[in-house]
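Asker: Next up is a structure, given as structure tokens.
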Amino acid sequence: MVVENVRLGVDEPEDVLRARVAQRLGVDAGAIDGLDVVHRALDARRKRDIHWTLHVALRLGDAGVRDRALARGLARRPTPRVKEGLDAAILDGVRRGAAPLSAPPVIIGSGPGGLFAAWLLAREGYRPVVVERGPAVDRRVRAVNAFDHGGPHDPECNILFGEGGAGTFSDGKLTTRGRTPLVGLVHDLLIAAKAPPEIKVTAKPHVGTDRLRAVLVYLRRELERLGTTFRFDARVDDLLLDPDGGVRGVRLHDGAELAAGAVLLAIGHSARDTYGWLRERGVAMEFKPFQLGLRIEHPQDLIDRAQYGGLAGRLPVAEYVLNDKREGVFSFCMCPGGTLMASVSEAGYLCTNGMSRRKRDSGRANSGIVFTVGPELVPGGGRDPLGGVELQRQYERRAFELGGGTYALPAQRVPDFLRGRRSTGALESTYPRELVSADLREVVPPEVGAAIRRSLALFDRQMPGYGSDVGLLVGPEARGSSPVRIPRDDATRVSVSTPRLYPVGEGAGYAGGIMSAAIDGLRSAAALVGAFAPAG
């Protein structure tokens, strides 16, 4: 059984848990045969009462003690596994369809959606082929490091393209709003690939970009052991279609053709060239509202003091969530102890994002401050499926021009942004290349910039110092979510226009982070298994 919401002071050791739980149940501590922490969260809502809140799973030798605790509402039974439906099949084994595939399934993209789809297909004996336009993670890291030190941009090997997708260069957050047992499955698979074991119990788990890179190597080796084939540096430039319009394979950038009984399209949110030829091929797609704004950076100790008061420095680096519902502006992808980076997939464009290492020890905190762009702000009113992409490009191109064409990042101190003036003097941040003073109203639509200015005043009241001159804005923040959705059937998860094509994850408009993309990949792979048998 599980005892919930056990308080633990920030300086108390976990050794006191047994006595505290026994006191809650009104039993002797000796009645508890064992306990495990299954959930841990820091409650910092009231600075005078910051504490840890834990859920504890107990093993009791006396069934009577257990039954009385359950009857009195002092504990609950463990949450049962899902009993039916697609998630149950993923956990316990999917019943295969009858008709065999003509060839192994091909997965386009090696982000979390593609990788976890590959794991399920490989487990079920389908021997999937993962085709990734970028390189394996080791070469990818070297290329990104070279770019950070002033090297050229590689359109096929960068922060957005390569093994692991965009999540490889991130905070590695594993948060999700979903309450499916598939969350635990993803955690277990990541831990088996050498992710930190505490992600299983932490309320806001994260892996860190440095640890994720090692996890990817272990995960790839396990997928290969199960029968997955990886093809890196292999951009897909076309679908091969049957006369009925169904997918029968893919064509690679070098002209090679690869047969596929089905294709899982896990391309990520920045494969703009892929969106273009998919539309030409008649694949249905539509505009999707997306996040656009700026990124803000502060000294981490300012955030710690605002969140923890006098306990700043004695607790893990602080995070924050800010939301101005009146203006529709909110914080996004907050990276405590993180660094700024250039999130660039195309030469001649520039936007920003944030990432952090496992230790979150940069001394600076950054977060997106974004606004959801609807069809009313997009040329053509959202009737063009790629209208959001073109809006992103418009402002990313302007940012590149303001930076002098060198990937110098446009920046402005918060008070200067509020007053509409360029910042003077040295601008300091964690961005590895140069900063250039600019008017950031030029890198976002006027409606977005005005909403952010109004919201920053509110955020400064909520977190004193947030709007001070130690806060630095950079921009634009344009890759927070996909501006495109590739519609699919709710039951079969197949494209509404193209048989045997399975749109998956963030690039298809069905996910918004590592966990949701991984779960979407698992579910789409399970739907494929339920429809087809492996190729003969």
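Asker: Give the residues of segment 342-360 that are over 17 Å from His206 (Cα atoms) and more than 16 Å from the chain's Cα centre (by Cα), sorted by residue number.
Answerer: Those that are over 17 Å from His206 (Cα atoms) and more than 16 Å from the chain's Cα centre (by Cα): Ala342, Val344, Ser345, Glu346, Ala347, Gly348, Tyr349, Leu350, Cys351.
Asker: May I pose another question? Just checking, how many residues over segment 217-248 are within 29 Å of the chain's Cα centre (by Cα) and either basic (Lys, Arg) or in a helix (DSSP H, G or I) (or both)?
Answerer: Here the count works out to 12.
Asker: Considering each residue of segment 138-166, count those that are over 24 Å from His253 (Cα atoms) and either of a type in the set (Val, Ile, Thr) or in contact with a helix residue (DSSP H, G or I) (Cβ under 9 Å, 6 or more places away or on another chain) (or both), and give that number.
Answerer: 1
Asker: If Glu442 satisfies every condition in (1) charged (D, E, K, R); (2) over 20 Å from Asp324 (Cβ atoms); (3) free of Cβ contacts under 8 Å to residues at least 24 places away in the same chain but one, which is the exception?
Answerer: (3)
Asker: To continue, here is another question. Which residues, counting only those in segment 114-143, are touching a Cys at 6+ places or on another chain (Cβ under 8 Å) and either over 16 Å from Glu346 (Cα atoms) or not in a loop (DSSP other than H, G, I, E, B) (or both)?
Answerer: Listed by number, the residues that qualify are Pro135, Arg139, Arg140, Ala143.
Asker: How about segment 281-302: which of its residues are assigned to a strand (DSSP E or B), surrounded by 19 or more Cβ atoms within 10 Å (Cβ to Cβ) and not basic (Lys, Arg)?
Answerer: Phe287, Phe290, Gln291, Leu292, Gly293, Leu294, Ile296, Glu297, His298
Asker: When Asp254 is evaluated against the numbered criteria (1) part of a loop (DSSP other than H, G, I, E, B); (2) out of contact with any Gly (no Cβ under 7 Å at 6 or more places or on another chain); (3) closer than 26 Å to Gln392 by Cβ, which criterion, by number, is the only one it fails?
Answerer: All conditions pass for Asp254, except number (3).
Asker: Hey, another quick one. Does any residue of segment 237-248 turn out to be buried (at least 22 other Cβ atoms within 10 Å of the Cβ), more than 21 Å from Arg127 (Cα to Cα) and not assigned by TED's automatic domain parsing to the domain that holds Glu390?
Answerer: Within segment 237-248 (the criterion being buried (at least 22 other Cβ atoms within 10 Å of the Cβ), more than 21 Å from Arg127 (Cα to Cα) and not assigned by TED's automatic domain parsing to the domain that holds Glu390), the answer is no, since none of the residues qualifies.
Asker: So which residues in segment 292-344 are among the hydroxyl-bearing types (Ser, Thr, Tyr) and touching a Cys at 6+ places or on another chain (Cβ under 9 Å), if there are any at all?
Answerer: Once the filter is applied, which keeps residues that are among the hydroxyl-bearing types (Ser, Thr, Tyr) and touching a Cys at 6+ places or on another chain (Cβ under 9 Å), segment 292-344 yields only Ser343.
Asker: Looking only at segment 219-251, which residues are in contact with a Gly (Cβ under 9 Å, 6 or more places away or on another chain) and without any contact (Cβ under 8 Å) to a residue 40 or more places away in the chain?
Answerer: Within segment 219-251, just Leu240 meets the criteria.
Asker: In addition: For segment 408-507, which fully contained strands (runs of 3 or more DSSP E) count at least 1 residues that are of a type outside the set (Gly, Ala, Ser) and in contact with a helix residue (DSSP H, G or I) (Cβ under 6 Å, 6 or more places away or on another chain)?
Answerer: 409-413, 472-477, 501-503
Asker: Tell me whether segment 178-186 contains one or more residues that are in contact with a Lys or Arg (Cβ under 7 Å, 6 or more places away or on another chain), buried (at least 23 other Cβ atoms within 10 Å of the Cβ) and of a type outside the set (S, T, N, Q).
Answerer: Within segment 178-186, none of the residues are in contact with a Lys or Arg (Cβ under 7 Å, 6 or more places away or on another chain), buried (at least 23 other Cβ atoms within 10 Å of the Cβ) and of a type outside the set (S, T, N, Q).
Asker: Can you find, within segment 45-67, the residue that is farthest from the chain's Cα centre (by Cα) among those that are assigned to a helix (DSSP H, G or I), more than 16 Å from Glu4 (Cβ to Cβ) and touching a residue at least 12 places away in the same chain (Cβ under 8 Å)?
Answerer: So the residue we want is Val65.
Asker: Shifting gears a bit: Identify the residue in segment 387-407 that is part of a loop (DSSP other than H, G, I, E, B) and crowded, with 19+ Cβ neighbours inside 10 Å and, among all such residues, is farthest from the chain's Cα centre (by Cα).
Answerer: Looking at residues that are part of a loop (DSSP other than H, G, I, E, B) and crowded, with 19+ Cβ neighbours inside 10 Å, I get Gly403.
Asker: Tell me whether segment 167-175 contains one or more residues that are outside any loop (DSSP other than H, G, I, E, B), within 16 Å of the chain's Cα centre (by Cα), at pLDDT 95 or above and crowded, with 18+ Cβ neighbours inside 10 Å.
Answerer: no
The values are calculated or read from the model by the stated rules, or taken from the named source; none is laboratory data. Keep in mind that this is a model prediction, so the values were computed, not measured. Neighbour counts are summed over all protein chains in view; Cβ atoms, including those assigned to glycine, are modelled from backbone coordinates with ideal geometry.
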